[in-house]
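Following: one structure in C-alpha cells, then a few remarks.
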Amino acid sequence: KKSTMDTCWVPGVNNLYTYGRWAFAEFTDVWQMQDDFARKVEA
C-alpha cells in the first residue's frame, strides 16, 4: 500500500528540481529499523 507521502509529496518535490531528488521509506519495526535503514542507504 502506497502512502500519500510516496505518491504525492515526494513526486511533487522531485518535480520542482529545487531540493534535489527525494525518496520515501517507511520503517515499522523499531528493533529492525537500523538495519533496514542501512540497507536502504546502501541501495
Quiz item: On average, how much accessible surface per residue is there in the chain, in Å², for a 1.4 Å probe, leaving out ligands, DNA and RNA?
Solution: 96 Å²
Quiz item: Of all accessible surface on the chain at a 1.4 Å probe, what whole percent is carbon and sulfur?
Solution: 56 percent
Quiz item: Can you give the angle from 0 to 90° between the axis of helix 33-42 and the longest principal axis of the chain, with both taken from C-alpha atoms, to the nearest 10?
Solution: 50 degrees
Practice problem: Work out the P(r) tail for the chain: percent of alpha carbon pairs separated by more than 14 Å, whole number. | Solution: 56 percent
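The values are calculated or read from the model by the stated rules, or taken from the named source; none is laboratory data. From a predicted model like this one, the values you see are computed outputs, not experimental measurements. Ligands, DNA and RNA are stripped out before the accessible areas are found, and what is left, the full protein with its side chains, is counted by its heavy atoms. Shrake-Rupley method; radii C 1.70, N 1.55, O 1.52, S 1.80 Å.
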